[in-house]
Each structure stands twice: as structure tokens, then as C-alpha cells.
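Visitor: Okay, here's the structure, questions in a sec.
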Amino acid sequence: MGKEIIKSLAFYLLFLGVMWSVFLLSHQQKTHPLSQYDKSDELGYLPSGKVLKSLALTYDEIVADVLWIKTIAYIGKSDKKASQSSHLYQLLDTITTLDPFYVDPYESGGVLLSAEFKQIDKSFSILKKGMENVPKHHKRYWYLPFFTAFNYMYYKGDYQTAAKYLEVAASFPQSPSYLPLLVARLYANTDDPAVAIPFLQEMLQNASTPKMKEEIESRIKEILVKSHIKYLNMAMDQYKENAGHYPENLFQLVKKGLITEIPREPFGGKYFISAKDHSIQTTSDVDDMKLHIQPKTSQPFMLQMQNKK
Amino acid sequence: MQKIIAIAINTFRESVRDKIFYSLLAFAVLMLAFSLVLGNLTIGDEIKIIKDFGLGAISLFGVLIAIFVGISLVYKEMEKRTIYVILANPISRTQFILGKYAGLSLTLMVEVVVMSGGLFALCYMKDQVIYWELFKAIIPIWFELQLILAAAIFFSTLVSPFISGMLTMVVFMIGHLTSDFRQLVVNMDNPAIKKMADVLYYTFPNLESLNYKARVVHGLAIPWQEFFLSLAYATAYTVMLLFMAIFVFNRKDVK
């Protein structure tokens with residue numbers, strides 16, 4: 001009898017001992033990982049999206065979801081590595097091939113690639129793939145042309161193309177109502193500000209609130225002023241070339257036949273030649289519509305945020 | 001007809017008591033719950049992940065149940081020699097196969113209904129909306145499961161459970177691969193591989209045609225013509241497999 005008890009007691013003690021050592025070993029692994037090898041780097045060695053799409057059988061979307069979550073965790077790691085940026089594009093491409101209608105990887109991925117990793121061209125290609133595949137009725141679709149426009153404006157300094165994409169973004173009913181004004185501002189900074197006017201007139205017809213209507217109308221006037229000034233400046237340069245000096249007033253331009261008449265200032269003010277620097281100005285108080293960014297020198301906003309921390 | 005129903009009900013009772021059925025169903029529900037956790041980890045659309053995992057789980061565990069429960073039933077009947085008792089009654093072998101099929105079909109129905117209920121409940125918890133359009137993905141999955149089940153029964157009349165399980169799995173895998181495979185080899189120079197892709201495409205069922213999951217989850221339009229044609233295709237394939245199973249079983253020497 002006593003022997004039996006000792007036997008079972010020994011068995012339980014042994015069992016407890018084994019359990020204890022399992023716990024110790026797992027704790028050890030958690031606090032002092034034995035392997036320096038970073039498993040997450042393996043994400044870079046995934047097969048291509050097309051192959052993976054076949055291998056996933058009918059579960060493409062689940063594989064895409066899991067990969068997307070892994071990508072978020074991988075990119076969110078505190079130690080930034082060069083390999084991350086090269087893997088990110090590949091991962092995004094794989095995910096979006098597995099589930100081409102999934103808007104989040106295009107949207108967040110596109111922003112990450114340009115803002116965090118400075119891979120502007122790859123960001124363009126992800127956003128473009130998104131614009132081709134995501135169904136247009138998706139409520140976040142407009143973010144894709146919006147971020148493309150942002151890339152063109154901020155990193156490339158190409159306001160014309162930026163404005164074109166922003167126009168696309170503004171055409172979606174889910175986009176915020178201030179987008180058209182932004183488009184106008186972008187066009188105002190291109191060589192031909194008047195391009196914005198037909199767009200704004202179209203927007204004026206669709207404006208839903210009186211306040212919005214008022215704002216668009218005033219923006220049209222601002223653009224007009226901008227293009228008038230451009231037009232008058234060109235005539236004035238011509239005048240200087242012919243006569244060797246600047247004209248004293250605008251009527252001299254008409255007299256010389258450089259312009260047919262002085263354009264009517266839409267806000268009710270008058271155009272005049274500034275005596276200080278011989279530039280055309282107006283008596284009304286008009287927003288100069290300059291974009292206050294310096295894309296080449298300033299840091300992207302995400303890095304600025306990090307630096308603030 | 002009554003005889004078929006009697007066999008079907010018995011088969012249903014037998015299979016829902018099966019431990020495999022319960023454990024698979026438990027894992028399926030677990031997977032559904034897991035999607036909630038994953039939904040929290042993602043950036044962006046949570047409900048999309050829940051829908052993906054829910055529909056995927058209905059399909060995956062349905063296939064596993066169809067295979068694991070489907071392959072052993074005819075074989076078990078012969079192993080335990082109960083088939084003599086059944087066939088000694090005025091029951092034809094055709095009725096036996098059809099009864100088995102109907103019973104298992106009912107078992108799969110339980111899986112699909114339980115899982116769909118869970119999925120709808122989860123979506124309702126998250127969004128307070130019942131996404132009725134999910135049925136456009138669930139119904140084709142149900143038809144696909146019928147096809148897989150018919151294949152499992154067909155193979156089980158031919159070979160041992162282990163091999164017929166493998167073969168059914170292969171049908172499921174190739175069925176989803178063929179359309180992709182055919183697109184992958186389009187640019188290849190090798191005519192033999194192209195021929196092989198064509199042969200595979202026409203001999204195995206094209207199960208991808210029943211996959212509406214992505215389009216349903218992302219709210220894309222599904223043409224009704226395409227929808228019903230694919231269901232008709234699956235039905236025709238299922239009936240053909242059942243005919244083949246009956247044909248083989250009628251000629252089988254039951255010892």
C-alpha cells in the first residue's frame with residue numbers, strides 16, 4: 001500500500017518538475033531569445049502574387065488579410081532597416097494581387113512608401129494599381145487619386161498633374177467639399193491658371209450649400225485676377241522690350257496695341273503698375289494663392305512628427 | 001423514395017454523432033471568433049476581415065467535413081458488414097448511394113447553417129447590419145460542397161478511405177487551380193503544357209467559377225446569368241459524379 005502511494009507521489013512530483021522546467025524554458029526564450037535571426041525578414045522571400053494566388057486555392061482573401069496584418073506589424077517595428085522598404089513594396093504588390101479590390105493596402109501602403117520610405121515611384125505604382133482595381137463606388141476610393149495628387153505636388157512639384165488627379169478625387173461625392181478649392185489653388189500655381197476656371201464652373205453648378213457657392217465664386221474671381229495679372233505682365237514685358245523702359249500706366253499698353261483693353265477686375269478694384277518693382281497689382285485685397293511649401297528642402301510631415309517626439 | 005429518406009436520416013444521425021464532425025465544427029467556430037481578434041489588429045476595414053474569414057471558414061470546414069465524413073461511410077458499412085443487412089432488404093444499391101448522399105448533404109447543411117448564423121451574428125454585433133448579400137457567396141459555396149461530397153462518395157465506392165480522401169482533396173485543389181493554371185501557361189512556348197492545362201481544365205470541375213467571395217465582400221455587382229449558370233454547372237457535375245458512383249457501386253462485388 002505504502003509503496004503505491006510513494007509511486008504515485010513520485011509520478012506527480014516528476015510531472016510537476018517537468019511542467020516547471022517547461023515554464024522556465026519558455027520564460028528564458030521570451031526574455032533572452034537564443035536566436036538573433038529575425039524571422040520577419042522572411043516576409044521578403046514570399047512567392048510572387050500570381051503564384052500565391054493559385055496556391056491559396058479559394059482562400060485568396062484570407063491570405064491577403066493575414067499578409068496585410070503581418071505587413072503592418074513588420075513595418076511598425078521600431079528598428080527601421082533598409083530591407084523593410086524593399087520588402088514593403090513587394091508585400092503590397094502580393095497582397096493587392098491576391099485581393100485586388102482591397103482598398104486599405106493601396107491607401108496606407110501608398111502613403112507609407114512615399115512619406116516613410118521616400119519611394120515615390122513605387123508609391124505611384126501602388127496607388128495606380130489601386131485606382132485601376134478598387135471599385136469606384138467604394139467610399140474611400142477618392143483617397144487614391146488624392147494621395148497621388150499629394151505625391152505629385154509635394155515630392156515632384158508638378159502642380160499641373162497634381163491638379164488633374166485632385167480633380168478626379170473631387171469628383172467623388174464622398175470627398176470633402178473643400179477639395180475643389182484646393183484644385184483651383186494648384187492650377188493657380190501652374191503656367192496657365194485659367195485652366196481652373198471651367199473646372200470651378202462645373203463645381204459651381206454642383207455646389208450644395210450657399211456658402212460653398214460663394215467660396216467657389218470668389219475662387220473663380222481670384223483665378224481671373226491671377227490670369228489677368230499674368231496677361232498684363234506679359235504685355236508689359238513686351239512693352240519694355242520695344243521701348244526700353246517700363247510703361248507708366250496701363251493705358252500705354254492699349255495705346256501701343258499690345259492689349260485691346262484693360263481687363264475688368266472681377267472684385268471691383270483696379271489694376272495698376274506698382275512703382276516699386278514694376279509689377280502689376282490690384283487695389284482689391286486678393287489672396288495670392290501661393291502654395292506655401294518647399295518640396296525639395298523641407299522634410300515630409302511624417303518625419304517632422306517623429307522629430308518632434 | 002421513402003427508402004432513400006430512411007437511409008438519409010440514418011446517415012445523418014450517424015454522421016452528426018461523429019467526433020470528427022463536432023471537432024471540425026468547433027474549430028470552424030473558433031476560426032470565426034479569431035477573425036474578431038485579427039480585425040482589431042488591422043488598419044482600416046474590420047468587417048472585411050470578418051466576412052473574409054467567415055466565408056472562408058464555411059468553405060474550408062465544409063470541404064473537410066465532406067471529405068472526412070463522406071469517404072468513410074460506405075467503407076465503414078462494408079467493414080462492419082452492416083451492408084449485408086441493408087442490401088438484404090428490398091433496397092437497391094442506387095437507393096443506398098442516393099440515401100447516403102442525401103444524409104451527408106443534410107449534415108453539411110447543418111455546418112453551413114451554423115456557420116452562416118455565426119457570421120451574420122458577428123457582422124450584426126460589429127455593424128448592427130445584417131448583410132443579406134453574403135448569401136450570394138454562401139449559396140455557391142453550398143453547391144461546391146455538394147460537388148465535393150459527390151466526388152468523395154464516388155471515390156469511396158472505388159478505393160479505401162485514405163486514398164479516396166486524398167483523391168477528393170486533389171479534386172478540390174485542382175478544381176481551384178485549373179483556371180489560374182490555364183492563364184499562367186498562356187505565355188509559354190511549350191505546347192505540351194498548354195495541352196495538359198486544357199485537359200485538366202475540361203476533366204476537373206472548375207470550382208473557381210463558384211467563388212463569389214471577393215466580389216460579394218467588396219460589394220461588386222454579380223450578373224444573375226453568371227450566377228445561375230455556375231450553379232447549374234455545379235449541379236450537372238454533382239449529378240454526373242453520383243451517376244458514376246451508382247454505376248461503380250452496382251458492379252461492385254460486395255464481399
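The values are calculated or read from the model by the stated rules, or taken from the named source; none is laboratory data. Everything numeric here is computed off the predicted structure, so don't read it as measured data. Reconstructed Cβ throughout: ideal geometry from the backbone, glycine too, with neighbour counts over all protein chains shown. Protein only, heavy atoms only, side chains kept; ligands, DNA and RNA dropped before computing areas. Shrake-Rupley method; radii C 1.70, N 1.55, O 1.52, S 1.80 Å.
Visitor: Hey, how many Å between the Cα centroid of region A:167-231 and the Cα centroid of region B:181-222?
Guide: Result: 48 Å between the Cα centres.
Visitor: Say the cut-off is 24 Å between C-alpha atoms; which of A:LYS139/B:LYS48; A:LYS53/B:LYS126; A:LYS77/A:LYS129 go over it? Intermediate results must be reported in sequence, preceding the final value.
Guide: Details: A:LYS139/B:LYS48 14 Å; A:LYS53/B:LYS126 29 Å; A:LYS77/A:LYS129 26 Å.
Over 24 Å apart, Cα to Cα: A:LYS53/B:LYS126; A:LYS77/A:LYS129.
Visitor: Greater than 27 Å separation of Cα atoms is the criterion. Which listed pairs, A:LYS213/A:LYS270; A:LYS211/A:LYS276; B:LYS3/B:LYS76; B:LYS19/B:LYS100, meet it?
Guide: Beyond 27 Å: A:LYS211/A:LYS276.
Visitor: Still on this structure, please answer the following. Leaving out ligands, DNA and RNA, calculate the buried accessible area for the pair A and B with a 1.4 Å probe, summed over both sides, in Å² to the nearest 100.
Guide: Heavy-atom accessible area buried at this interface is about 2200 Å².
Visitor: Where nothing but the Cβ of Lys and Arg (+1) and of Asp and Glu (-1) is charged, how large is the charge dipole of region B:118-255 around its Cα centre, in debye to the nearest 20? Mind showing how you got there, number by number?
Guide: Working: 10 positive and 9 negative charges, 61 e Å.
Here the size comes out at about 300 debye.
Visitor: Another question about this same structure. 222 nm [θ] for chain A, helices only, -39500 (n - 2.57) per DSSP H run of 4+, per residue, to 500? Mind showing how you got there, number by number?
Guide: Values: 13 runs with 182 residues, N = 309.
Using -39500 (n - 2.57) per qualifying helix, the result is -19000 deg cm²/dmol.
Visitor: Kindly write out, for region B:172-177 in residue order, the coupling ³J(HN,Hα) from the Karplus curve 6.51 cos²θ - 1.76 cosθ + 1.60 (θ = phi - 60°), rounded to whole Hz, with x marking Gly and Pro.
Guide: 4, 5, 5, x, 8, 8
Visitor: Which of A:GLU167, A:GLU217, A:GLU248 ends up with the largest GNM mean-square fluctuation for chain A, with Cα atoms connected below 10 Å?
Guide: In this elastic network of chain A, the residue with the biggest mean-square fluctuation among A:GLU167, A:GLU217, A:GLU248 is A:GLU248.
Visitor: Next question. Run the Debye formula on the Cα coordinates of region B:2-251, all scatterers equal and no solvent, and tell me log10 I(q)/I(0) at q = 0.10, 0.11 1/Å.
Guide: -0.54, -0.65
Visitor: Continuing with this model, one more query. Given bins 5 angstrom wide, list per bin the percent of all Cα-Cα distances in region A:39-158, short to long.
Guide: The percentages, shortest bin first, are 2, 12, 23, 22, 20, 13, 6, 1, 0.
Visitor: Using a 1.4 angstrom probe on the protein heavy atoms only, line up A:LYS70, A:LYS139, B:LYS252 by accessible area, largest first.
Guide: Correct descending sequence by accessible area is A:LYS139, A:LYS70, B:LYS252.
Visitor: Considering only protein heavy atoms, what is the solvent-accessible area of B:PHE12 at a probe of 1.4 Å, reported in Å² to the nearest 10?
Guide: For B:PHE12, the solvent-accessible surface is approximately 50 Å².
Visitor: Next up: So what's the convex hull volume per residue for the Cα atoms of the protein assembly as shown, in Å³?
Guide: Spread over its residues, the Cα hull of the protein assembly as shown gives 280 Å³ apiece.
Visitor: Here is a further query. Rounded to the nearest 500, what is chain B's calculated 222 nm mean residue ellipticity when only DSSP H runs of at least 4 contribute -39500 (n - 2.57) each, over all residues?
Guide: The helix-only estimate for chain B comes to -28000 deg cm²/dmol at 222 nm.
Visitor: Can you give the accessible area per residue of region A:39-158, in Å², using a 1.4 Å probe? Intermediate values should be presented prior to the final figure.
Guide: Working: 4670 Å² over 120 residues.
Normalised by residue count, the accessible surface of region A:39-158 is 39 Å².
Visitor: Ok, one more. For region B:123-179, taking Cα atoms only, what is the radius of gyration to one decimal and the Dmax to the nearest whole Å?
Guide: 16.3, 49
Visitor: Then there's this: As I understand it, the value is the acute angle between the Cα axis of helix A:159-170 and the longest principal axis of the Cα atoms of chain A; what does it come to in degrees, rounded to 10?
Guide: 70 degrees
Visitor: To continue, here is another question. With everything on Cα atoms, drop me the angle between helix A:210-243 and the longest principal axis of chain A, reported from 0 to 90° to the nearest 10.
Guide: In chain A, helix A:210-243 runs at an angle near 60 degrees to the longest axis.
Visitor: Follow-up question, since we're still on this one. Just counting partner chain Cβ atoms within 10 Å, what average do the residues of peptide B:40-47 show around their Cβ?
Guide: Numbers: counts 1, 6, 7, 10, 9, 6, 0, 0.
Partner-chain Cβ atoms within 10 Å, mean over residues of B:40-47: 5.
Visitor: Over chain A, what percent of the accessible surface lies on carbon and sulfur atoms, probe 1.4 Å?
Guide: Taking all protein chains in place, chain A shows 59 percent carbon and sulfur surface.
Visitor: Can you pull the accessible area of B:TYR101 for me, 1.4 Å probe, Å² to the nearest 10?
Guide: About 40 Å², ignoring ligands and nucleic acids.
Visitor: Can I ask one more? Counting Lys and Arg as +1 and Asp and Glu as -1, what is the net charge of the other residues whose Cβ lies under 9 Å from the Cβ of A:LEU200?
Guide: Result for the local shell: -1.
Visitor: What aspartates and glutamates does A:LYS136 reach when the alpha-carbon gap must be under 16 Å and sequence neighbours fewer than 8 apart in one chain are set aside?
Guide: Qualifying aspartates and glutamates at Cα under 16 Å: A:ASP99, A:ASP104, A:GLU107, A:GLU167.
Visitor: Counting only protein chains, not ligands or nucleic acids, how are B:MET78, B:MET188 ordered by accessible area (probe 1.4 Å), most first?
Guide: Final ranking, largest accessible area leading: B:MET188, B:MET78.
Visitor: Using Cα positions and a limit of under 14 Å, work out the aspartates and glutamates in reach of A:LYS240, with same-chain residues fewer than 8 apart set aside.
Guide: Partners within reach: A:GLU248, A:ASP277.
Visitor: Quick one: helix B:191-203 against the long Cα principal axis of chain B, what's the angle to the nearest 10°, folded into 0 to 90?
Guide: Orientation of helix B:191-203: about 70 degrees from the principal axis.
Visitor: Per-residue accessible area for B:ASP253 at 1.4 Å probe radius, Å² rounded to 10?
Guide: Estimated to the nearest 10 Å², B:ASP253 gives 110 Å².
Visitor: Hey, another quick one. Suppose accessible area is computed on protein heavy atoms with a 1.4 Å probe; arrange A:ARG264, B:ARG13 from highest to lowest.
Guide: The ranking, largest first, comes out as A:ARG264, B:ARG13.
Visitor: Also: Could you tell me the largest-minus-smallest coordinate of the C-alpha atoms of chain A on each of the three principal axes, in descending order and whole angstroms?
Guide: Sorted largest first, the three principal extents are 127, 40, 37 Å.
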